[in-house]
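So the structure is just underneath, and the comments pick up after that.
The values are calculated or read from the model by the stated rules, or taken from the named source; none is laboratory data. Just so it is clear, the structure is predicted and the values come from calculations on it, not from any experiment. Every residue, glycine among them, receives a Cβ derived from its backbone with ideal geometry; neighbour counts consider all protein chains shown.
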């Protein structure tokens, strides 16, 4: 039986049993902070099991995309382990229970219409105390007791060992179904979990029966397919073997199941499949949490290629093979092959640049351990190789064995556990608790009525202290709140016109009030299906259960709608002028301000940026109708609605249409007509990360104000720099360059004459047409980029540069005054101690570079051993530089010690090489004393 056929048979079977077929959740469920990736089919139904949502169905079945890294070290080595896999599941939320779950599992596995697995090939396990399940298998199904094993809580209870070790909460026994292979070994293919208890405290008698019992089952698609297809490993099933073979072809080796390269090719297959699915959903490799896992998977696969003598990126070439092998169930993968391939190749190149360093680090580590006669690779060293270079521990262990070294796995795991905590990947709480969870159990949801109205009568259903941002303090539920003040609290209503932050759009503001109280809403957030109003009590007393009026700030809502509708128009314009690959990677919609992240390998040039903006303004001026309709996902796809991969959309969904040019699935608030955007102004285009760009733009009055500010800026700059506005950008560049050169001259001790005032001759400069706004804006953008400040900060930055210039000119002027210091005069002022020339003097106006130059010249002119030390003041500080000729250093004298001792007299310190050293001090008044003591100190040393 083909894998695609198995998937459909399973889902069809449970639909025939009254289950609602639901789509797979996304791989990275942003709504669930307890996990990085979806680990099992039940994850999207956690609130269903807990009764925290309104149930639209009580039976469900899914095929869920899952990603787990707990068994990553076994991937490729064992027959059945994966990181990415598909989990078939059927679920009951207070509906059918243990008897039906067991009977249906047996029917699906053994009936000829379905899988037709020989009954004598199947064995089962049950929890040791679950007599009900044991009896159902034995008496109802007819399995002999010899094929039913009772197992302890660490094997057949969910969560594992929950009765004795916790955590508290819903739990239950499970029953596992095993298939007996030809060699007599068993492989688990299905796990039936019976969540029938609530654990409360330590044993004994700590399992309380739940009033509503649930079913959660999971069948590994790949594992069951391997059983049905009679192959020795999941990697040989019809949906995975083509990827293995493609990997062998790309790598250039023959695939042999038992060989080391065979294991490497299987691991490459698993890791590239996981990476393709994740990056398709916009989870790009990066340095923490879910993106870090993808980075690790790609780098492990690349390292396998490296061990097969590959030195150039290769993994990205398998993207198409993954898409082809998965196209029956996941045809959408084919739409993003180019984007996913580019992302994988970029990560490969980055790793190939470091992998050589990792191997060199290993070689140095081995040499060090052998020199110390050590016998074990320290775990922390292996962890550092993993986290810094991406070198897996099993490779280090293999290489270590060749050197007769063992491996500290305990130390490695401890170090990686700490790294996981540091990088945000540590243990997370499976089920959330706290006051908001308590409200979810009773309310299920807060209906949003804000599409139809901005004001509504509602009931106060929950009052919670604090804003929930403090770690470990989730707040407390109150029956009333009667202390007006600045403290932020939260309100939950039975329904609300306030939009809770989601989809990139920030939450509404406004007021909730009645004759008894006024609550100023400063933000609105969503907690799962609850709308949570954050704000301050301005007056009176709020009591749970009282009626109030919720009023959204209409002007703020309009400003948000302008920015959100403009975001959709911008997305369309980007596709027109940059390409369809410019897919949304994130957005933020604020009042008349938007931020839009999108995929693009390079910066957008100013000319294209102008075209994008003009296209947006053209569509704004066209007064296109904006409407939204509730449609099925299938109808939305047929209508060509843009859907963001990695987002989970409800079915039916809300489709926002703008004229005939844009259709997107979106839950945000929008305008009725594109003309209501009023104005649109791009303020910045910049890099966010490799391959991701960001545009920030303004709408409405803020866009108009920014345009006026842009038009005025060149005149402001011109006034500051005493030039014509048409050459203001060129004058700014000239000022930056002049300051840079002055710093260079001062550092080099280069004297010269400079005007006290900055002057710019714009006769030959490139001029800006100040009547052309696009030219003006391009000049302003270049100017702000060059100054590295926002447009508001340009005037103050220019004033700072002018002040820097004036200070530098003064210092160079002082340098010029000191330039008449003659090397010959300094030598003449020195003393001869034995065979050594000793020169110690103040050099007014000289900086450290000039002093070093003088020392070098004196040492060259001197016929014999030479000791030189100079001192000068720079503002309220002292600079000391000293040098010794090589023959004095050979006698054991040290310039660093000499200069350091002298510096302590002026309240400082420092040092350097034996032949040249520098120090500083804080007390210029003691420089003459320091000079005299430096002279005496060296005289004493030379006289010994």
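Some observations on this one:
- The range 4-30 - residue that is out of contact with any strand residue (DSSP E or B) (no Cβ under 9 Å at 6 or more places or on another chain) and modelled with pLDDT under 95 and, of those, nearest to residue 239 (Cα to Cα): 29
- With respect to being more than 29 Å from the chain's Cα centre (by Cα), in contact (Cβ under 8 Å) with a residue 24 or more places away in the chain and farther than 29 Å from residue 312 by Cβ, residue 332 falls outside the description.
- Within the range 163-189, the set of residues being surrounded by fewer than 18 Cβ atoms within 10 Å (Cβ to Cβ), at pLDDT below 90 and touching a strand residue (DSSP E or B) at 6+ places or on another chain (Cβ under 8 Å) comprises 166, 167, 168, 169.
- Of the helices (runs of 4 or more DSSP H) lying entirely inside the range 370-453, those carrying at least 1 residues that are loosely packed, with under 13 Cβ neighbours inside 10 Å, in contact with a helix residue (DSSP H, G or I) (Cβ under 8 Å, 6 or more places away or on another chain) and modelled with pLDDT of 75 or more are 409-422.
- For residue 657, the requirement of being more than 16 Å from residue 773 (Cα to Cα) and crowded, with 18+ Cβ neighbours inside 10 Å is met.
- Identity of the residue in the range 682-703, more than 19 Å from residue 615 (Cβ to Cβ) and at pLDDT 95 or above, that ends up surrounded by the most Cβ atoms within 10 Å (Cβ to Cβ): 702
- All positions within the range 246-272 that are surrounded by fewer than 24 Cβ atoms within 10 Å (Cβ to Cβ) and closer than 16 Å to residue 337 by Cα: 246
- Looking only at residues of the range 663-691 that are farther than 30 Å from residue 340 by Cβ and part of a strand (DSSP E or B), we find that the one that is farthest from the chain's Cα centre (by Cα) is 673.
- When residues of the range 765-785 are limited to those that are without any contact (Cβ under 8 Å) to a residue 40 or more places away in the chain and not in a loop (DSSP other than H, G, I, E, B), the one surrounded by the most Cβ atoms within 10 Å (Cβ to Cβ): 784
- Any chance residue 192 is buried (at least 21 other Cβ atoms within 10 Å of the Cβ), assigned by TED's automatic domain parsing to the domain that holds residue 40 and not in a helix (DSSP H, G or I): yes
- Per the listing 238, 286, the residue uniquely modelled with pLDDT of 95 or more and assigned to a loop (DSSP other than H, G, I, E, B) is 238.
- The range 454-519 holds strands (runs of 3 or more DSSP E) entirely within its bounds, and those carrying 1 or more residues that are within 27 Å of residue 649 (Cβ to Cβ) and at pLDDT 95 or above map to 455-464, 489-493.
- Residue within the range 554-577 that is assigned to a strand (DSSP E or B), surrounded by 20 or more Cβ atoms within 10 Å (Cβ to Cβ) and either in contact (Cβ under 8 Å) with a residue 40 or more places away in the chain or not assigned by TED's automatic domain parsing to the domain that holds residue 454 (or both) present: no
- Out of 517, 498, sole residue that is more than 36 Å from the chain's Cα centre (by Cα) and either in contact (Cβ under 8 Å) with a residue 60 or more places away in the chain or crowded, with 20+ Cβ neighbours inside 10 Å (or both): 517
- Residues satisfying the stated conditions in the range 889-936, i.e. under 24 Å from residue 864 (Cβ atoms), touching a strand residue (DSSP E or B) at 6+ places or on another chain (Cβ under 6 Å) and not in a helix (DSSP H, G or I): 893, 912, 915, 916, 917
- Out of 829, 862, sole residue that is out of contact with any helix residue (DSSP H, G or I) (no Cβ under 9 Å at 6 or more places or on another chain) and without any contact (Cβ under 8 Å) to a residue 60 or more places away in the chain: 829
- Residue list for the range 692-723, filter: outside any helix (DSSP H, G or I) and touching a helix residue (DSSP H, G or I) at 6+ places or on another chain (Cβ under 6 Å): 698, 699, 723
- Residue-level check: of (1) over 28 Å from residue 813 (Cα atoms); (2) surrounded by fewer than 23 Cβ atoms within 10 Å (Cβ to Cβ), residue 927 misses just (1).
- Within the range 810-843, the set of residues being under 12 Å from residue 866 (Cβ atoms) and modelled with pLDDT under 80 is empty.
- Here residue 545 fulfils each of the conditions (1) assigned to a strand (DSSP E or B); (2) outside the structural domain of residue 610 (by TED's automatic domain parsing); (3) surrounded by fewer than 20 Cβ atoms within 10 Å (Cβ to Cβ) apart from (1).
- In this structure, residue 744 qualifies as part of a helix (DSSP H, G or I) and loosely packed, with under 13 Cβ neighbours inside 10 Å.
- Residues that are at pLDDT 90 or above, closer than 30 Å to residue 43 by Cα and either more than 29 Å from the chain's Cα centre (by Cα) or part of a strand (DSSP E or B) (or both) are absent from the range 604-619 altogether.
- Yes/no for residue 718 being crowded, with 16+ Cβ neighbours inside 10 Å, within 30 Å of residue 609 (Cβ to Cβ) and in contact (Cβ under 8 Å) with a residue 24 or more places away in the chain: no
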